[in-house]
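The structure under discussion appears below in the form of structure tokens.
The values are calculated or read from the model by the stated rules, or taken from the named source; none is laboratory data. Everything numeric here is computed off the predicted structure, so don't read it as measured data. Glycine also receives a Cβ, built like all others from the backbone with ideal geometry; neighbour counts cover every protein chain displayed. These accessible areas exclude ligands, DNA and RNA; they are computed on the full protein's heavy atoms, side chains included. Shrake-Rupley method; radii C 1.70, N 1.55, O 1.52, S 1.80 Å.
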Amino acid sequence: MVRKGLIVGNWKMNINHLEAIQVVQKLSYRLDLGDYERVDVAVVPAFTALRSVQTVIEADRLPIGLGAQNCHWEESGAFTGEVSAGMLAKLSVNYVLAGHSERRALFGETDDMVNRKVKAILSHQMTPILCVGETLDQREAGETLAVVTGQLMGGLSGMDADAVTSTVIAYEPVWAIGTGQTATPEDAAEVVSAIRVALGERWGDAAEHVRILYGGSVNAGNIAALMAKRDIDGGLVGGASLDPDSFASIVRYWI
Ligand code: PGA
């Protein structure tokens with residue numbers, strides 16, 4: 001099974017819409033068609049920059065995917081401060097993160113909420129990127145696989161094999177996010193492979209089609225070794241995606 005690589009830049013609460021236009025334009029100057037044939041590339045700006053980035057992508061016909069960092073599961077209604085999946089789909093958003101560890105830890109997102117978000121995203125023909133990962137305490141207590149598979153099954157609860165195939169999973173150990181402390185390729189691959197096994201036990205062959213990314217202090221120096229692992233299909237990149245030079249080097253990890 002050949003799964004196309006996917007490199008996603010999560011800009012978090014950084015870069016205003018004017019800066020975002022510049023970053024995506026600079027990124028596009030550094031990538032060529034051969035790169036996009038080899039890997040899918042997406043950027044995930046803050047809500048306020050989505051429209052601007054979408055306009056650049058469309059006007060310049062860039063083969064860069066557009067992602068959002070979060071959404072609400074309801075279609076519309078009295079949810080002040082929230083944005084629905086339908087609103088994102090109307091903006092030609094392709095990917096939406098669900099259950100990033102910062103959302104879980106800082107904004108109280110539960111597996112049930114994440115599951116509803118994943119379903120709302122899929123119902124608008126966008127691709128959810130379901131994020132899972134253990135804290136340092138959980139890793140040291142030997143709970144990594146239990147925590148990760150719990151979040152995985154919780155996030156995908158009630159979904160059939162087609163829906164699971166249309167979902168991207170991102171394994172992001174919380175202790176590696178923004179810390180400069182990347183999981184070793186072996187540690188990352190061990191958990192990513194366990195995720196694929198868990199998917200296979202529940203959804204059979206669909207597991208071989210699901211793209212699983214690694215995230216947590218990915219940079220131009222460590223991406224190649226991560227991508228060399230059979231089960232790791234790409235990266236979810238935070239800090240290093242804000243700089244077009246470093247993000248382009250990550251996208252072109254084989255060079
Ligand atoms: P980082 O963030 O690359 O800055 O560690 C990754 C993420 O949170 O998605």
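Residues of the stretch 124-148 that are within 18 Å of the chain's Cα centre (by Cα) and farther than 19 Å from residue 236 by Cα: 124, 125.
Each row is one residue, and each column tells you yes or no for (1) surrounded by fewer than 17 Cβ atoms within 10 Å (Cβ to Cβ); (2) among the aliphatic types (A, V, I, L, M); (3) on the phi > 0 side of the Ramachandran plot.
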site: 50; (1), (2), (3): no, yes, no
site: 61; (1), (2), (3): yes, no, yes
site: 65; (1), (2), (3): no, no, no
site: 74; (1), (2), (3): yes, no, no
site: 77; (1), (2), (3): yes, no, yes
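Scanning the stretch 188-211 for residues that are touching a residue at least 12 places away in the same chain (Cβ under 8 Å) and within 15 Å of residue 145 (Cα to Cα) gives 188, 189, 191, 192, 193, 194, 195, 196, 198, 199.
Of all the residues in the stretch 167-186, those that are open to solvent by 60 Å² or more (accessible area, probe 1.4 Å) and under 17 Å from the mean Cα position of the chain (by Cα) number 1. With respect to residue 221, determine if the residue is crowded, with 18+ Cβ neighbours inside 10 Å and modelled with pLDDT of 95 or more. For residue 221, the condition - crowded, with 18+ Cβ neighbours inside 10 Å and modelled with pLDDT of 95 or more - is not met.
A single member of 85, 98 is crowded, with 19+ Cβ neighbours inside 10 Å and within 14 Å of the ligand (Cβ to nearest atom), and it is 98. One residue stands out in the stretch 206-226 among those that are hydrophobic (A, V, I, L, M, F, W, C) and away from the ligand (no atom under 15 Å from the Cβ): the one that is nearest to residue 25 (Cα to Cα), namely 224.
The single condition from (1) assigned to a loop (DSSP other than H, G, I, E, B); (2) within 16 Å of the ligand (Cβ to nearest atom) that residue 61 fails is (2). For the stretch 235-248, the set of residues classified as within 12 Å of the ligand (Cβ to nearest atom) and open to solvent by less than 10 Å² (accessible area, probe 1.4 Å) consists of 235, 236, 237, 241, 247, listed by residue number.
For the residues 130, 145, the requirement of being under 23 Å from residue 226 (Cα atoms), open to solvent by 40 Å² or more (accessible area, probe 1.4 Å) and in contact with a helix residue (DSSP H, G or I) (Cβ under 9 Å, 6 or more places away or on another chain) singles out 145.
Across the stretch 1-19, the qualifying residues are those that are in contact with a strand residue (DSSP E or B) (Cβ under 8 Å, 6 or more places away or on another chain) and away from the ligand (no atom under 16 Å from the Cβ), and the one among them that is most open to solvent (accessible area, probe 1.4 Å) is 4.
When residue 214 is tested against (1) open to solvent by 10 Å² or more (accessible area, probe 1.4 Å); (2) closer than 24 Å to residue 45 by Cβ; (3) touching a Ser or Thr at 6+ places or on another chain (Cβ under 9 Å), just one condition goes unmet, and that condition is (1). Every residue in the stretch 137-159 that is part of a loop (DSSP other than H, G, I, E, B) and touching a residue at least 12 places away in the same chain (Cβ under 8 Å), please. The answer is 156, 157, 158, 159.
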